[in-house]
Amino acid sequence: MAHSRLAIIGAGPTGLDAALAAADRGWPFTVYEAGDGAGAAIRTWGHVRLFTLWPMNVSPRMAAHLSAAGREAPTGDDCPTGTELADRLLEPVAALPELAGSIRYRARVTALGRQGLLKHEEIANDQRAARPFRLLVQTAAGEEVATADVVLDCSGTYGTPNSTGDGGIPAIGEQALADRIVRTLPDVLTDVSSWAGQRVLLVGAGHSAQTAAGALAQLAARAPGTEVVWAVRSTEPTWGAVDEDPLPARADLTGEARRLAAGVPGVELHTGVVVEALADRGGRVAATLRNGTTGEVVVDRVVSLTGYVGDHNLYRQLQVHECYATSAPMNLSAALLGAAAGDCLQQQTHGVDVLRNPEPNFFILGAKSYGRNNQFLMRIGWDQVDEVFGALDAAS
């Protein structure tokens, strides 16, 4: 195992930490990043400020490598934005000599398999482990195939949004209007010309939707004619509030959501509703909302922030035991479901065994391993890296 070739999918916080762990051991590795640079997914919400202070966003391994290169890791008692996290931490880490030559940008892994085998063959045995992985990689020059002995999927979830319709499936007409639905957090206060004076349907109740609602409400107060129709599935949303929240920025966000829900000019909250259908209406979008009965609202823009899930189609030809509820690794999900419920900040890792799949040497790490997108999972992702490399060390 000491000379195993590692393929690491994603150059985000977990992927870069895994690359540093491989570099520390002198193992050959390649990081495949679909975007133009490190932290590309984070940059899509770069205007948003994290809930957590700098020390919670820098892994010990990153800090040690930056220090060895004569650079200090970011620190302080402020919460970085996504762009600051990418600019001040992830890009400098990716530029370290021990990583820079092994990261391929604009290289999207679209499928994984085992050389010479299909999913149902050589089930979880040594014969399967002896075959290298095959990775289909999409680049600007076209498709190519790469091979590896170990694959770490650190691709996260932000690129795979949930549908807008009831039950997690597309609403009627949603797929036909896909190019007119915003599914990542828009920077409405910077791109004012695109949003001012617009009537916007906002779907979702999580922290992303709350952030968008707050920004749109600010714009509505400044730009006459700006309206937000906020559709929330729960009849009594809690907004994810945490008692005696240790993170003031998160407490502020949920407090603002409650204020908007109580009623402010420009924000029209509908609780207990789902989106039944979307249709073009003379260049605008007619949305059918259902709550026992149905009603229609006509809007200029649709922002759907209904959560994200990892793209499990990536490994359809691998023997992966998936959770029926999250599509994350089954053993990890079972451990989480069996643990006491609580704030994500309180979650801990559960050891390397829950990260193992029937597919030998294939690991899903970071946010994707939990089946959701969450900034707190960066810390857990780094712990998972330690656990997986500890197991690989023991096998060498």
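The values are calculated or read from the model by the stated rules, or taken from the named source; none is laboratory data. Remember, it's a predicted structure, so these values are computed and weren't measured experimentally. Note that we place each Cβ from the backbone using ideal geometry, even for glycine, and neighbour counts take in every protein chain shown.
Just the residues that are among the small types (Gly, Ala, Ser) and in a loop (DSSP other than H, G, I, E, B), please, taken from region 84-98.
If the condition is that a residue be among the small types (Gly, Ala, Ser) and in a loop (DSSP other than H, G, I, E, B), then 95 is the only one that fits.
If you go through region 365-377 one residue at a time, do you hit one that is in contact with a strand residue (DSSP E or B) (Cβ under 9 Å, 6 or more places away or on another chain) and at pLDDT 85 or above?
Yes: region 365-377 contains one or more residues that are in contact with a strand residue (DSSP E or B) (Cβ under 9 Å, 6 or more places away or on another chain) and at pLDDT 85 or above.
When only residues in region 287-296 that are surrounded by fewer than 17 Cβ atoms within 10 Å (Cβ to Cβ) and touching a Leu at 6+ places or on another chain (Cβ under 9 Å) count, which is nearest to residue 198 (Cα to Cα)?
Among them, the one singled out is 296.
In the set 203, 137, 150, which member is surrounded by 17 or more Cβ atoms within 10 Å (Cβ to Cβ), closer than 21 Å to residue 307 by Cβ and not hydroxyl-bearing (Ser, Thr, Tyr)?
Answer to the selection: 203.
Scan region 295-323 for residues that are of a type in the set (Asp, Glu) and assigned to a strand (DSSP E or B) and jot them down.
The answer is 296, 322.
Take residue 232 and tell me if it is aliphatic (A, V, I, L, M) and under 24 Å from residue 167 (Cβ atoms).
When the stated conditions are applied, residue 232 passes them.
What's the total number of residues in region 74-105 that are under 21 Å from the mean Cα position of the chain (by Cα) and among the hydroxyl-bearing types (Ser, Thr, Tyr)?
Summing the residues that are under 21 Å from the mean Cα position of the chain (by Cα) and among the hydroxyl-bearing types (Ser, Thr, Tyr) in region 74-105 gives 3.
Got a sec? Which of 102, 59 is under 22 Å from residue 380 (Cα atoms), of a type outside the set (A, V, I, L, M) and in contact with a helix residue (DSSP H, G or I) (Cβ under 8 Å, 6 or more places away or on another chain)?
Testing whether each residue is under 22 Å from residue 380 (Cα atoms), of a type outside the set (A, V, I, L, M) and in contact with a helix residue (DSSP H, G or I) (Cβ under 8 Å, 6 or more places away or on another chain) leaves just 59.
Residue 92 versus (1) without any contact (Cβ under 8 Å) to a residue 60 or more places away in the chain; (2) under 30 Å from residue 313 (Cα atoms): which is the lone unmet condition?
With respect to (1) without any contact (Cβ under 8 Å) to a residue 60 or more places away in the chain; (2) under 30 Å from residue 313 (Cα atoms), residue 92 is out only on (2).
Do you know which residues across region 295-312 are more than 11 Å from residue 278 (Cα to Cα) and in contact (Cβ under 8 Å) with a residue 60 or more places away in the chain?
Listed by number, the residues that qualify are 300, 301, 303, 304, 305, 306, 307, 308, 309, 310, 311.
Residue check: is residue 387 more than 30 Å from residue 58 (Cα to Cα) and modelled with pLDDT of 85 or more?
Judged against the criteria, residue 387 is not a match.
Before we move on, is residue 86 of a type in the set (A, V, I, L, M, F, W, C) and surrounded by fewer than 18 Cβ atoms within 10 Å (Cβ to Cβ)?
No; evaluated as a whole, the condition is false for this residue.
Got at least one residue in region 240-261 being buried (at least 19 other Cβ atoms within 10 Å of the Cβ), farther than 30 Å from residue 54 by Cα, in contact with a strand residue (DSSP E or B) (Cβ under 9 Å, 6 or more places away or on another chain) and of a type outside the set (Ser, Thr, Tyr)?
The answer is no; no qualifying residue exists.
Could you say which residue among 332, 260, 314, 247 is in contact with a helix residue (DSSP H, G or I) (Cβ under 9 Å, 6 or more places away or on another chain), at pLDDT 90 or above and aliphatic (A, V, I, L, M)?
The unique qualifying residue is 260.
Test of understanding: among 81, 75, which residue is touching a residue at least 12 places away in the same chain (Cβ under 8 Å) and under 21 Å from residue 184 (Cα atoms)?
81
Being in contact with a helix residue (DSSP H, G or I) (Cβ under 8 Å, 6 or more places away or on another chain) and modelled with pLDDT of 95 or more narrows it down to one of 7, 21, so name that one.
Exactly one residue qualifies, and that residue is 21.
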